[in-house]
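The structure appears below as C-alpha cells.
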Amino acid sequence: MSRSTVTREAVVGIGVLGVTFAAGVYIGKRYFMYRRKKSQKMFEGADDPRRTYLLRLSLREHPSAKKLCQYLLRTASPDVSSDAAQLLANLAKLINSKKMLEMGCSYGYNPLVLALVLPSDGKLIAHVRETEDISQAREFWREVWHQLQAAVDNKIQVEVKSEEQTLDGLLSAGEVGTFDLIFINMSGLTNCRKCYEKCLRLLKSRGVLAIDGVLCNGAVLKKNSMTDQLQSIQQMNEAILRDARVFLSILPLADGLMLCFKL
C-alpha cells in the first residue's frame, strides 16, 4: 500500500469522524433543548394526565359547585378554572375575608366557591353584565342550603350593571378600603387600567386583588396584531409591574392569574 493511499484514507476517515461528531453534537443539543423546553411546559392541555392527577389530589370541590361547573362547560364558559377558584377561596379563608367583590364576566361558579368560605355575616358583591344569565347558577346556590343547612345565596349580592357603574357606585357609597378580596375577570373589559385603579381603592390594606386573563391565550405577545382590549391588558400588566403599592405574582393557572397584595 502506497503512502499516498494511506494518507488519503486517513483524511477521509478523519473527515467522516468530524462530520459524525458534529452531527452528534447538533442532535444532542437539539434534543437537550427540546427536553428542556418540554419540561418547562407545565401541561400539554386540559386533558393532560398530569393535570388530571394534580386536580384529583388537590381539588376539594363542593358537590353543587362541581355540578354547576359541569353545567357551564356544556352551556358557557366558567368564570375561572376550578383550581384557580379554589386558590382564591383558600386565600380568602386565610385572611379571614368577610367582604369580597367580583368584577367582570360571571356565570355564578366563582361566586359560589367564594361564598362557601364566607362566615354567616359575610358578603360577596358579584358584578354581572346584562348579557349574562345566572338564573341557573342561583339554583345551585340555593341547593347548598339543603346540603349544608347554610345558605350562600343570601351572602351574594348581584349587581347587574356596567363595570364603571358598579365601581363608581361603590366608591360614591363610601366603600373605599372595605373589601378583603377582589377578583377581576379581564374577559370583555376595555379599560383595564381604570378598573384596576378603582378596585385598588376599594381594597383594604393587606387585601388580595386577583386578576384572571392577563395572558389572553398568549395574544399579549403578538404586538403586531393587538386589539384595543389586548393593548389595555398589556398596559395594565406593565403598570402593575411598576406599582409600588402592591406585591405581585403571576401564576400559570387558567389564562394567567395575577395576584396583587396591597401594602
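Taking 13 Å as the straight-line reach from the Cα of residue 194, the aspartates and glutamates in range (excluding those fewer than 8 positions away in the same chain) are 163, 164, 168. In percent, rounded to a whole number, the relative contact order of segment 137-263 is 22, using alpha-carbon pairs under 8 Å and six or more apart. For residue 200, the shell of other residues with beta-carbons less than 9 Å away shows a net charge of +2, using +1 for Lys and Arg and -1 for Asp and Glu. With coordinates expressed along the principal axes, the C-alpha atoms belonging to segment 211-263 extend over 36, 21, 13 Å, beginning with the largest. Per residue, the solvent-accessible area of segment 189-247 (1.4 Å probe, heavy atoms of protein chains only, all protein chains present) comes to 57 Å².
Among the protein heavy atoms of segment 61-123, carbon and sulfur supply 53% of the accessible surface, probe 1.4 Å, non-protein parts ignored. The residues neighbouring residue 190, those whose beta-carbon lies less than 15 Å from its own, together hold a net charge of 0 under the Lys/Arg +1, Asp/Glu -1 convention. Taking the charge dipole of segment 88-230 about its Cα centre, with +1 at Lys and Arg Cβ atoms and -1 at Asp and Glu Cβ atoms, the residue from 125, 158, 196 reaching farthest to the positive side is 196.
Cross-link check: pairs 93/123; 99/262; 67/99; 67/161 evaluated at a Cα-Cα cut-off of 18 Å; pairs beyond the cut-off: 67/99; 67/161. Taking a straight Cα-Cα cut-off under 17 Å and skipping sequence neighbours fewer than 8 places away in the same chain, the aspartates and glutamates within cross-link reach of residue 155 are 102, 121, 139, 143, 180.
Packing, as the average of other Cβ atoms within 10 Å across residues, places the peptides 84-91, 51-58 in the order 84-91, 51-58, highest first. The distance from the alpha carbon centre of segment 154-219 to that of segment 106-135 is 13 Å, rounded to a whole number. A cut-off under 13 angstrom between Cβ atoms defines the neighbours of residue 55, and their net charge, with Lys, Arg +1 and Asp, Glu -1, is +1.
The values are calculated or read from the model by the stated rules, or taken from the named source; none is laboratory data. All values reported here derive from a predicted model rather than from experimental measurement. Reconstructed Cβ throughout: ideal geometry from the backbone, glycine too, with neighbour counts over all protein chains shown. Ligands, DNA and RNA are stripped out before the accessible areas are found, and what is left, the full protein with its side chains, is counted by its heavy atoms. Shrake-Rupley method; radii C 1.70, N 1.55, O 1.52, S 1.80 Å.
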